[in-house]
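K.L.:
Got a structure here, written out as structure tokens. Questions coming.
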Amino acid sequence: MKTPVGERFSEFFDKWICQLDDYLGQLLRVSKESLSEAEQQALVSKLTSHYKEFYTVKWTAAHEDVLAFYCPIWLSQLENAYSWLTGWKPSMIFRLVESMRRTRVPGPGLAELTEEQVRKIEQLRMKIKLEEERMDREMERQQVAMADRKMVELVRMVNRIRNGESVGQVDGLVEVALKGVLAGLERVMKAADCVRLKTLKGVLDVLNPSQSVDFLAGTCMLQIQLRQWGQRRDTPKCPRLELHNNVNVLF
């Protein structure tokens, strides 16, 4: 169902993903050119700022209507199927890194990770796995809380009203209960987003500028391609989001 927050964020997301596509083109050009580490790092910083902008806008909008992010109208059915607590699952990043290593693209990319870098990424993967499990437990706790004693009593009160009985201030009690539920969902969403950001930062801290460029190109390409496939499936006649004709550069 469309809501004002959902419609506003949908407009923002369309512009954000188009900008991400522009950055992808820059990343792919950089991977072909001999740029200095400073120039590569500058582009990496632009990408990280772009991701931070996404979460800043998301958190502001979610404070107004968090449910819009659990039923996002701006994503395709395919993108929604792979969503974890309103976004991508952090452990996916480590699978992507491993896939890019095995692809062995010519040049100083992820295939050239040192043993020390591999060890650090594996340590990060284990930490993030624990964070994911903690978030899964917290989401389960939020869901189970819907059937706790206070909620059941509230349901009974509402049911009595429907049967003609008068129960004072029930509407206010319902509002308070729902605010508590929504606040819990907002906390889970923000905590999961923090794990996502921690994962990106952790991997980038291990990589050198050249490797970071290749890694970010891979993450951008995967996100945009998944969106493209999903949109094509949902609306077969809709125009494709172009990827600068460089789909096979990394994969």
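The values are calculated or read from the model by the stated rules, or taken from the named source; none is laboratory data. Keep in mind the model is a prediction, meaning the values are calculated, not measured. When we count neighbours, we look across all protein chains shown, and the Cβ atoms used for this are built from the backbone with ideal geometry, even at glycine.
K.L.:
Would you be able to say whether some residue in the range 60-69 is under 29 Å from Arg137 (Cβ atoms) and among the hydroxyl-bearing types (Ser, Thr, Tyr)?
P.N.:
yes
K.L.:
Further question on the same structure: Looking at (1) outside any loop (DSSP other than H, G, I, E, B); (2) in contact with a helix residue (DSSP H, G or I) (Cβ under 7 Å, 6 or more places away or on another chain), which one does Ile73 not meet, given that it meets all the others?
P.N.:
The number of the failed condition is (1).
K.L.:
Within the range 164-223, how many residues turn out to be modelled with pLDDT of 95 or more, acidic (Asp, Glu) and over 23 Å from Cys18 (Cα atoms)?
P.N.:
2
K.L.:
Return the residues of the range 112-148 that are hydrophobic (A, V, I, L, M, F, W, C) and surrounded by 13 or more Cβ atoms within 10 Å (Cβ to Cβ); say none if nothing qualifies.
P.N.:
Leu113, Val118, Ile121, Leu124, Ile128, Met135, Met139, Ala145, listed by residue number.
K.L.:
Of all the residues that make up the range 174-228, how many are in contact (Cβ under 8 Å) with a residue 40 or more places away in the chain, more than 19 Å from Leu43 (Cβ to Cβ) and of a type in the set (S, T, N, Q)?
P.N.:
Number satisfying all stated conditions: 1.
K.L.:
Of these, Glu116, Glu112, which one is acidic (Asp, Glu) and either modelled with pLDDT under 95 or under 23 Å from Lys190 (Cα atoms) (or both)?
P.N.:
Result: Glu112 is the single residue among Glu116, Glu112 that is acidic (Asp, Glu) and either modelled with pLDDT under 95 or under 23 Å from Lys190 (Cα atoms) (or both).
K.L.:
For the range 179-232, how many residues meet the condition of being among the hydrophobic types (A, V, I, L, M, F, W, C) and within 30 Å of Glu37 (Cβ to Cβ)?
P.N.:
Residues in the range 179-232 being among the hydrophobic types (A, V, I, L, M, F, W, C) and within 30 Å of Glu37 (Cβ to Cβ): 16 in total.
K.L.:
With the requirement that a residue be at pLDDT 95 or above, surrounded by fewer than 16 Cβ atoms within 10 Å (Cβ to Cβ) and part of a loop (DSSP other than H, G, I, E, B), what does the range 83-104 give you?
P.N.:
Ser83
K.L.:
Condition first: of a type in the set (D, E, K, R), assigned to a helix (DSSP H, G or I) and touching a residue at least 12 places away in the same chain (Cβ under 8 Å). Now tell me which residues in the range 1-31 satisfy that.
P.N.:
Correct list: Glu7, Arg8, Asp14, Asp21.
K.L.:
Please find, within the range 63-122, the residue that is nearest to the chain's Cα centre (by Cα) out of those that are closer than 30 Å to Ser10 by Cα and of a type in the set (Gly, Ala, Ser).
P.N.:
Gly87
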